[in-house]
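K.L.:
Before anything else, here's the structure in question.
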Amino acid sequence: MNTESRKEIILLAGPTASGKSALALRWASEKDGEIVNADSMQVYAELRDLTARPSEEEERLVPHHLYGVLGGNDACSAETWREMALNVLGDIWARGGVPIVVGGTGLYFRALLQGLSPIPSVAPEIRQTVRQEVASEGAEAAHIRLKALDPDWAAKIAPTDRQRIARGLEVALSTGRPLSWWQRQPGQGGLEGREDLALEKHVLMPDREWLYARCDARFEKMVHEGRALEEVRSLMARGYSPDQPVMKSLGVSQLAAYLEGRLPLEEAIQQAQTATRQYAKRQMTWFRNQCRDWIHHQGPDFSPVK
């Protein structure tokens, strides 16, 4: 296929606070690009500040997609995100643009590149029954039941994670095979290897101590400016329970504990900073192991946290 007729797409991955959004914005401005979010928390409308989503001003500079498109009750699996992303990519290519997919959720990139295992649809009546049972018996009891049907999947998830517990139960009961078995099957429909695409893959891998300091400074700043606390107050006022997706964003549980009088503010900040650094470390490990053939950058030209 003629190289000039191939559709361009750029992937930009990296840990939290590594400067991905700024670099993506620069590339989009240079290449007539449009930015597509690949961060599992930035899809939620209620989480602009805590997730360091691009500002409204930045979103006006170039088109941004899949930011703030879901409500806090909505689960966003890799499959859900991939379906939304493929629709957006098709629209961008139809306009002659270059999609720049940027984020820190490794599973989203893997789903986009390698496709997904062909898990059959769950029968609606089984899904409804399972969700009702998990709600009534509690997550931990349902997790014990899951161990008997799918010990591999049960071992990977927390005993309190109702969403993933229910997913494992409904797939096993509906298909007759464990979810972990389906996940081991070859993916289908990935972008990797498509002859009609010109695919670039970049990953930011900055110095760890620099990254940790940036994580700490960014979180402390957003708290002391009041933005993060106001966002958590809003989440609490909406009545979201701790196991709902939007409440699992970094810093939410710690700041909620402060607002409820269960933690001093500085301790809440320190705990959230620790959790953020741990998350960044896990991201770095994942990208180091899973993105060996990507172009690795120590980072773009960073500016200080403002």
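K.L.:
Consider only pairs whose beta carbons are under 9 Å apart and that are at least six residues apart or on different chains; among these, list those whose first residue lies in region 173-192 and is closer than 25 Å to Leu86 by Cα and of a type in the set (Asp, Glu) and whose second residue is assigned to a helix (DSSP H, G or I) and open to solvent by 50 Å² or more (accessible area, probe 1.4 Å).
P.N.:
Pairs that qualify, where the first residue is closer than 25 Å to Leu86 by Cα and of a type in the set (Asp, Glu) and the partner is assigned to a helix (DSSP H, G or I) and open to solvent by 50 Å² or more (accessible area, probe 1.4 Å), are Glu192/Gln114.
K.L.:
Tell me the helices (runs of 4 or more DSSP H) entirely within region 226-306 that contain at least 1 residues that are closer than 30 Å to Leu199 by Cβ, touching a residue at least 12 places away in the same chain (Cβ under 8 Å) and aliphatic (A, V, I, L, M).
P.N.:
265-290
K.L.:
Checking the structure you have, find out if any residue of region 74-83 is touching a helix residue (DSSP H, G or I) at 6+ places or on another chain (Cβ under 8 Å), outside any helix (DSSP H, G or I), basic (Lys, Arg) and within 26 Å of Tyr240 (Cα to Cα).
P.N.:
The answer is no; no qualifying residue exists.
K.L.:
Within region 64-91, restricting attention to residues that are of a type in the set (Val, Ile, Thr) and under 26 Å from Leu235 (Cβ atoms), which residue is least open to solvent (accessible area, probe 1.4 Å)?
P.N.:
Step by step, filter region 64-91, then rank; the result is Thr80.
K.L.:
Which of (1) touching a Lys or Arg at 6+ places or on another chain (Cβ under 8 Å); (2) open to solvent by 40 Å² or more (accessible area, probe 1.4 Å); (3) outside any helix (DSSP H, G or I); (4) not charged (D, E, K, R) does Leu12 not meet, given it meets every other one?
P.N.:
For Leu12, the failing item is (2).
K.L.:
Now a separate question. Just one of (1) closer than 23 Å to Cys76 by Cβ; (2) open to solvent by 80 Å² or more (accessible area, probe 1.4 Å) trips up Ser249, so point out which.
P.N.:
Checking Ser249 against (1) closer than 23 Å to Cys76 by Cβ; (2) open to solvent by 80 Å² or more (accessible area, probe 1.4 Å), the one that fails is (2).
K.L.:
Among the residues of region 144-165, which ones are within 21 Å of Ser241 (Cα to Cα) and surrounded by 22 or more Cβ atoms within 10 Å (Cβ to Cβ)?
P.N.:
Ile165
The values are calculated or read from the model by the stated rules, or taken from the named source; none is laboratory data. This is a predicted model, so every value here is computed, not measured. Because the Cβ atoms are built from the backbone with ideal geometry, glycine has one as well, and the counts that use them run over all protein chains shown. Accessible surface is based on the protein model in full, side chains and every heavy atom, while ligands, DNA and RNA are left aside. Shrake-Rupley method; radii C 1.70, N 1.55, O 1.52, S 1.80 Å.
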